[in-house]
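Q: Got a structure here, written out as structure tokens. Questions coming.
The values are calculated or read from the model by the stated rules, or taken from the named source; none is laboratory data. Nothing here was measured: the structure is a model prediction, and the numbers come from that model. Here Cβ is always computed from backbone atoms with ideal geometry, including for glycine, and neighbour counts include all displayed protein chains.
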Amino acid sequence: MKMRPSRVLKKLRAGEVVSCFNVHFDPQVSEIAGLAGFDCVWIDNEHMAQDNSNIQAHIWAAKSHDMDVMVRVPRGSYSDYIKPLELDASGIMVPHIMGIEDAQKVVQMTRFHPIGRRPLDGGNADGGYTSMKYADYLPQANAERFVIVQIEDPEPLEDLDAIAALDGIDMLFFGPGDFSQGIGAPGNWNHPKLIETRKRVAEVAVKHGKFAGTPGNMNNFNELVDMGYKFIAIGADVIGVVEYCGKLIDGFSTKING
């Protein structure tokens with residue numbers, strides 16, 4: 001038996017650009033994203049109240065359309081990190097990596113031997129509910145499940161090369177929102193330090209044979225790809241609903257007020 005290969009990793013390893021959609025709402029949205037043709041959905045368990053049964057439903061919906069699920073995990077114990085992987089998420093993203101030691105601990109907790117010491121069970125969805133032998137399960141999990149670390153603070157920049165060089169880290173993901181706050185310029189997307197760091201994160205990732213990811217949109221898509229970003233989160237359900245409701249009520253008000 002083999003694990004389902006990661007669609008994200010397959011495309012990235014082929015040099016292609018991956019599409020990702022941020023889902024805040026119910027698993028039906030993940031299914032809609034799969035029907036639309038997205039490569040991956042981003043389920044946020046750092047800021048949202050997604051319990052494990054809900055994450056499991058997102059994963060089932062995504063897998064029915066051969067789409068990956070990336071779960072941004074909360075900072076916590078190893079169980080917080082590995083549970084999405086055991087539910088058969090294709091990858092996790094760990095926020096606010098603050099330095100090389102922090103990144104090393106993530107690898108230790110999320111990668112199996114010989115890379116790390118991820119706690120071993122095998123009786124969950126990713127291990128085929130014990131139907132996979134450890135000799136197959138461990139190397140496939142290391143190869144077909146991705147670990148992303150977020151660079152969204154100024155503190156880890158000193159260790160950026162060392163972090164990118166770590167075996168077991170697949171991607172550096174630049175988070176402009178928290179980074180802007182960390183440099184004392186919340187929401188200033190044109191701040192020179194933010195622009196410089198966004199470029200540097202991609203450069204360092206590529207230099208060490210890793211992938212680079214970040215949020216983006218259709219206006220800066222080509223610019224990001226030119227920088228070296230191959231994993232781009234290009235939208236979110238919450239934004240779409242807010243904009244749609246706003247347009248509807250504006251039209252409604254125009255009709256009423258003539």
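Q: Taking the condition aliphatic (A, V, I, L, M) and more than 25 Å from Val106 (Cβ to Cβ), does Met218 pass?
A: Yes; evaluated as a whole, the condition is true for this residue.
Q: It is to be established whether one or more residues within segment 111-120 are modelled with pLDDT under 95, closer than 23 Å to Phe21 by Cα and over 14 Å from the mean Cα position of the chain (by Cα).
A: No, every residue in segment 111-120 fails to be modelled with pLDDT under 95, closer than 23 Å to Phe21 by Cα and over 14 Å from the mean Cα position of the chain (by Cα).
Q: Here is a follow-up. So Ala14 ticks every box in (1) over 25 Å from Gly128 (Cα atoms); (2) touching an Asp or Glu at 6+ places or on another chain (Cβ under 6 Å); (3) of a type in the set (A, V, I, L, M, F, W, C); (4) free of Cβ contacts under 8 Å to residues at least 60 places away in the same chain but one. Which box is left unticked?
A: Tallying (1) over 25 Å from Gly128 (Cα atoms); (2) touching an Asp or Glu at 6+ places or on another chain (Cβ under 6 Å); (3) of a type in the set (A, V, I, L, M, F, W, C); (4) free of Cβ contacts under 8 Å to residues at least 60 places away in the same chain, Ala14 fails exactly one: (2).
Q: Given (1) assigned to a helix (DSSP H, G or I); (2) over 28 Å from Glu16 (Cα atoms), identify the lone condition not met by Ala49.
A: (1)
Q: Same structure, new question: In segment 106-122, which residues are surrounded by fewer than 17 Cβ atoms within 10 Å (Cβ to Cβ), free of Cβ contacts under 8 Å to residues at least 24 places away in the same chain and not basic (Lys, Arg)?
A: Matches in segment 106-122: Gln108, Pro114, Leu120.
Every residue, every condition in (1) within 24 Å of the chain's Cα centre (by Cα); (2) surrounded by fewer than 10 Cβ atoms within 10 Å (Cβ to Cβ); (3) not β-branched (Val, Ile, Thr), yes or no:
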{"residue": "Thr214", "(1), (2), (3)": "yes, no, no"}
{"residue": "Met218", "(1), (2), (3)": "yes, yes, yes"}
{"residue": "Glu223", "(1), (2), (3)": "yes, no, yes"}
{"residue": "Gly228", "(1), (2), (3)": "yes, no, yes"}
{"residue": "Ala233", "(1), (2), (3)": "yes, no, yes"}
{"residue": "Val241", "(1), (2), (3)": "yes, no, no"}
{"residue": "Cys245", "(1), (2), (3)": "no, no, yes"}
{"residue": "Ile249", "(1), (2), (3)": "no, no, no"}
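Q: Also, I was wondering about something else. Collect the residues in segment 222-252 that are touching a strand residue (DSSP E or B) at 6+ places or on another chain (Cβ under 8 Å), at pLDDT 95 or above and in a helix (DSSP H, G or I), keeping them in residue-number order.
A: The answer is Leu224, Val225, Met227.
Q: Being assigned to a strand (DSSP E or B) and in contact with a His (Cβ under 7 Å, 6 or more places away or on another chain) is the filter here; which residues of segment 130-150 pass it?
A: Passing the criteria: only Gln150.
Q: Follow-up. Looking at segment 123-151, which of its residues are of a type in the set (A, V, I, L, M) and exposed (fewer than 15 other Cβ atoms within 10 Å of the Cβ)?
A: Once the filter is applied, which keeps residues that are of a type in the set (A, V, I, L, M) and exposed (fewer than 15 other Cβ atoms within 10 Å of the Cβ), segment 123-151 yields Ala135, Ala143.
Q: Among the residues of segment 74-105, write down those that are buried (at least 22 other Cβ atoms within 10 Å of the Cβ) and part of a loop (DSSP other than H, G, I, E, B).
A: Those that are buried (at least 22 other Cβ atoms within 10 Å of the Cβ) and part of a loop (DSSP other than H, G, I, E, B): Ala89, Ser90, Ile97.
Q: Could you check how many residues of segment 177-212 are surrounded by fewer than 19 Cβ atoms within 10 Å (Cβ to Cβ) and either within 15 Å of Ala233 (Cα to Cα) or among the β-branched types (Val, Ile, Thr) (or both)?
A: Within segment 177-212, residues that are surrounded by fewer than 19 Cβ atoms within 10 Å (Cβ to Cβ) and either within 15 Å of Ala233 (Cα to Cα) or among the β-branched types (Val, Ile, Thr) (or both) number 4.
Q: Which ones in segment 161-198 are touching a residue at least 60 places away in the same chain (Cβ under 8 Å), part of a helix (DSSP H, G or I) and closer than 25 Å to Leu12 by Cα?
A: Ala162, Ile163
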